[in-house]
Amino acid sequence: MLHSKELEGIRNKQDALEVHRVFNAIKNIEDLRVFMSWHVFAVWDFMCLVKRLQRDLTSIDPLWVPSKAPLATRLINEIVLGEESDEALDGGYISHFELYLLSMKEIGADTGQIESFIDLIKTNTPVSEAMVQLSVNPYIQDFVNSTIHTVINGNVYQVLGSFVFGREHVIPNMFKGLLDNWHIDEKDAPMFVYYLKRHIELDSDEHGPAALNIIKSLTKDNQDAIQQLSSSAMKAIDQRIILWDGMAETISK
């Protein structure tokens with residue numbers, strides 16, 4: 001498992017992320033629309049991290065073979081189940097990405113860009129090219145390109161670092177900060193509030209601890225793996241802070 005030195009560096013960066021000024025900048029529905037139109041890309045590339053880990057830690061080929069890491073297999077499959085097919089408000093099932101899109105539409109946020117992006121991805125258009133075609137904000141492009149570079153080129157430890165400490169481990173406090181600091185009545189965005197509270201619940205009680213246990217089961221005392229994981233985690237957090245900086249600047253204008 002990570003030692004105190006690595007954890008201290010990661011924790012310090014996470015603290016800066018959790019109290020970022022962007023959360024105080026959201027004062028009305030228009031501000032929230034801007035936030036969501038940016039953040040939805042992070043919701044999408046998060047799923048790419050999840051599915052890359054599922055590929056690495058389970059057997060998804062037609063000719064199945066037993067996993068070499070059964071605990072990690074169990075835990076990542078539980079995370080995928082929640083992220084890709086969670087309970088919906090209407091009693092059905094829905095991915096968190098699709099729930100986010102519905103939340104955007106509920107408050108009148110523009111989903112045209114992200115939906116066009118998904119359409120391009122379905123035609124096998126490279127991620128970076130799709131974003132250029134759609135004139136996606138450069139801050140978003142840099143963030144997503146960094147994530148996808150890790151998804152495609154990183155090893156399992158680097159992907160874990162980005163996924164666990166750049167996302168799962170930091171999301172509960174980050175979303176709590178958003179709910180505590182914004183100036184919007186819950187009744188004006190009920191589906192988005194449900195999305196936030198659902199993530200706080202799942203990531204605090206289930207997905208976050210599961211992700212840490214995956215790290216523990218895979219790294220053990222492998223110092224090289226731990227170093228790669230922690231470096232990737234720090235980079236992922238830095239990229240999110242830069243994204244938040246750009247968003248706060250845009251909202252303030």
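Points to keep in mind about this one:
- Placing +1 on the Cβ of every Lys and Arg and -1 on the Cβ of every Asp and Glu, with no other charges, gives the range 18-157 a dipole of roughly 400 debye about its Cα centre.
- Cβ-defined net charge surrounding THR150, 11 Å radius [Lys, Arg +1; Asp, Glu -1]: +1
- In a simple Cβ point-charge model (Lys, Arg +1; Asp, Glu -1; nothing else charged), the chain has a dipole of about 600 debye relative to its Cα centre.
- Accessible area expressed per residue, the range 83-224, with surrounding protein chains retained (probe 1.4 Å, Å²): 46
- Among TYR93, GLY154, LEU53 - extreme Cα towards positive end, dipole of the chain, charges at beta-carbon: GLY154
- The range 8-86 - percent of accessible surface contributed by carbon and sulfur, probe 1.4 Å: 58
- Mean Cβ count within 10 Å, highest first, over the residues of peptides 120-129, 202-211: 202-211, 120-129
- Relative contact order (percent, whole number), the chain, Cα cutoff 8 Å, 6+ residue spacing: 35
- With the highest mean first, a sort of the peptides 55-67, 106-118 on other beta-carbon atoms found within 10 angstrom per residue produces 106-118, 55-67.
- Residues ASP31, ASP238, ordered by accessible area of protein heavy atoms at a 1.4 angstrom probe radius and largest first, appear as ASP238, ASP31.
- Cβ-based net charge around TRP182, under 12 Å, with every Lys or Arg adding one and every Asp or Glu removing one: -3
- Between the helical axis of 208-219 and the longest alpha-carbon principal axis of the chain there is an angle of about 30 degrees.
- Listed residue (LEU17, MET104, ILE215) projecting farthest to the positive dipole end of the chain, Cβ model: ILE215
- The residues VAL132, VAL170, VAL34, sorted by heavy-atom accessible surface at 1.4 Å with ligands and nucleic acids left out, run VAL132, VAL34, VAL170 from largest to smallest.
- Here's how it looks for ASP86: its modeled amide H is under 5 Å from those of ILE94, SER95, HIS96, which are all 5 or more places away or on a different chain.
- Net charge, SER128 excluded, C-beta distance under 13 Å - Lys, Arg +1, Asp, Glu -1: -3
- In order through the range 226-232: 3J(HN,Hα) via Karplus (6.51 cos²θ - 1.76 cosθ + 1.60), integer Hz, x for Gly, Pro: 4, 5, 5, 5, 5, 5, 5
- By average C-beta atoms within 10 angstrom, highest first, the peptides 89-102, 39-52, 10-23: 39-52, 10-23, 89-102
- Helix-only CD estimate at 222 nm, as mean residue ellipticity for the chain, using -39500 (n - 2.57) per DSSP H run (n ≥ 4): -23000 deg cm²/dmol
- Set of lysines near LYS68 by C-alpha distance (under 24 Å), chain-local residues within fewer than 8 positions excluded: LYS51, LYS216, LYS220
- Cα shape, the range 30-109, gyration tensor, a/c 1.5 rule: prolate
The values are calculated or read from the model by the stated rules, or taken from the named source; none is laboratory data. This is a predicted model, so every value here is computed, not measured. Positions of Cβ are generated from backbone atoms using ideal geometry, with glycine treated the same way; all protein chains shown enter the neighbour counts. Note: accessible area is taken over every heavy atom of the protein model, side chains too, but ligands, DNA and RNA are not part of it. Shrake-Rupley method; radii C 1.70, N 1.55, O 1.52, S 1.80 Å.
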